[in-house]
1. When you go through (1) within 20 Å of the chain's Cα centre (by Cα); (2) at negative phi one by one for Ser51, which number turns out not to apply?
2. Need the failing condition index for Leu42 against (1) loosely packed, with under 15 Cβ neighbours inside 10 Å; (2) at pLDDT 90 or above, just the number.
3. Counting only residues that are exposed (fewer than 15 other Cβ atoms within 10 Å of the Cβ) and modelled with pLDDT of 90 or more, which one in segment 22-39 is farthest from the chain's Cα centre (by Cα)?
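The values are calculated or read from the model by the stated rules, or taken from the named source; none is laboratory data. Keep in mind that this is a model prediction, so the values were computed, not measured. All Cβ positions, glycine included, derive from the backbone under ideal geometry; neighbour counts span all protein chains shown.
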Amino acid sequence: MTLPLYGTASHSAGFRPDKARSVIRLRVVDSSAERQAADFALAKTPDEVLSAVEADWPSIFVVSDDSLDNHVPGTFDGRVVAVPQKYGYLGDGDVVGFDHSSRKFRTLFRRNSAHNSFLVTERCNNYCLMCSQRRRWVSDAGAFFPKRGFVMPNRIDIDHTHTAEQSLKRLGRDCARS
């Protein structure tokens, strides 16, 4: 059976309006690890929700098909995300990307999975003979380094005299001549 790794939350509240997306790390309610701003208490039962509120968790991620009114007390003013029970596989240490306005989320990392991977860049310049992936002539920096707060260098030196793009173009010209 394939796990559903993305979907739409049934409810979300308490997120700042100046921020469009969040990366959420799920933690069990009784976790002894130091809490970070991105940590959400993972609650799958009404008792776990109450335990999270009593333990002063500022953010709660609820996995349940029941109405949120049955889980989260009206006095709780922190961040809340509720998803259907089919995402019950989510566990301690999992990381979820969440879009506030659309309530869409995607599982980015599963702690208990042996199949996690991170694509760092598609601009490879290793020229591996066995590689089936074609080299890309376009910059993919915007996908990995959003314009907000990140500085992306314009050039990457390979042999300290040419940029990676110049080296690739020169290699293409040399191959075309032969």
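1. Here Ser51 meets the rest and fails (1).
2. Tallying (1) loosely packed, with under 15 Cβ neighbours inside 10 Å; (2) at pLDDT 90 or above, Leu42 fails exactly one: (1).
3. Only one residue tops the list, namely Asp30.
A quick yes/no check of all residues on (1) in contact with a Gly (Cβ under 9 Å, 6 or more places away or on another chain); (2) farther than 25 Å from Asn116 by Cβ; (3) not hydroxyl-bearing (Ser, Thr, Tyr):
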position: Gly7; (1), (2), (3): no, no, yes
position: Leu26; (1), (2), (3): yes, no, yes
position: Leu42; (1), (2), (3): yes, no, yes
position: Gly74; (1), (2), (3): no, yes, yes
position: Asp99; (1), (2), (3): no, no, yes
